[in-house]
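Notes follow once the structure below has been shown.
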Amino acid sequence: DKLDDYFMKPVAKGYQWITPSFVDRGVTNFFSNVDDINVVLNDLLQAKFTQGGVDTGRLLLNTTLGVGGFVDVASMLDIPKHNEDFDQTLGTWGIPSGPYLVMPLIGPSTPRGVLGVAGDTASNPINWINPAAIPYGAGTLRTIDMRADLLSATKIADEASVDRYEFIRNAYFQQRNYQLYDGNPPLPEEMEQELDLELDSGKSK
């Protein structure tokens, strides 16, 4: 948190201040398009072949007509953006997430999430470019761009939560569970039992 307060946050604010909005959006779009390579790979690993076809089309469209991904042409044509990563793939294969971890610079995670980040990093084509200064430079720019995009969300978390740690932990698990089940996570056991009672009550009436 101190590293973020004294370094990452000021750098992100400076980046946001000096970068024109269309350039900022273009940088975000570019890295999102690179991520789509990983999304397609994880679609296949999760046997989501129809979604994989859509994501492949999105990748090709943005890479060509979108000038390397700087323009999100696919979203303009209502082709949805999916978020699949190796952490979700491991979850689909039945590997449990494990306990909550907070990783320096990476942020909220789990042991499975750390393995997921390692897999996603290995499959990112930018990281295989020589010289090494290129992937390091791209990674630095991506980190700053992501931090700048999250400035408003950080402010909300700081102001809205009594226990910031618990707030972020719960939000992280809810988001990952939502993504793992493609927007239809199973209900908690207590809610399932309550719903069953309501259904039984309705039938008896």
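In table form, for the structure just shown:
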quantity	calculated
Principal-axis tilt of helix 49-64 within the chain, Cα atoms, nearest 10 degrees	20
Whole-number accessible area per residue in Å² for the chain, which is evaluated in the context of all protein chains at 1.4 Å	64
Sum of -39500 (n - 2.57) over DSSP H runs of 4+, divided by residues of the chain (222 nm, nearest 500)	-21000 deg cm²/dmol
Cα-based Rg / Dmax (Å) for segment 108-187	16.0, 48
Cα pair distances exceeding 14 angstrom across segment 14-61, given as percent	57
For segment 8-93, the fraction of alpha-carbon pairs in successive 10 Å shells from zero, as %	18, 40, 27, 14, 1
Whole-angstrom gap from segment 152-179 to segment 93-145, using each part's C-alpha centre	20
Cα-Cα over 22 Å, subset of 13/81; 81/155; 9/155	13/81; 81/155
Cα long-axis angle, helix 9-18 against the chain (0 to 90 degrees, to the nearest 10)	60
Two-site label geometry, residue 182 and residue 156: point separation in nm, points 7 Å out along Cα→Cβ	2.6
Charge dipole magnitude, Cβ of K and R +1, D and E -1 - segment 1-147, Cα centre, debye nearest 20	220
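The values are calculated or read from the model by the stated rules, or taken from the named source; none is laboratory data. It should be emphasised that the depicted structure is a prediction, and the values quoted were computed from it without experimental measurement. A quick note on method: Cβ atoms are made from the backbone with ideal geometry, for glycine too, and the neighbour counts reach across all protein chains shown. Areas reflect the complete protein model, heavy atoms only, side chains present, ligands, DNA and RNA absent. Shrake-Rupley method; radii C 1.70, N 1.55, O 1.52, S 1.80 Å.
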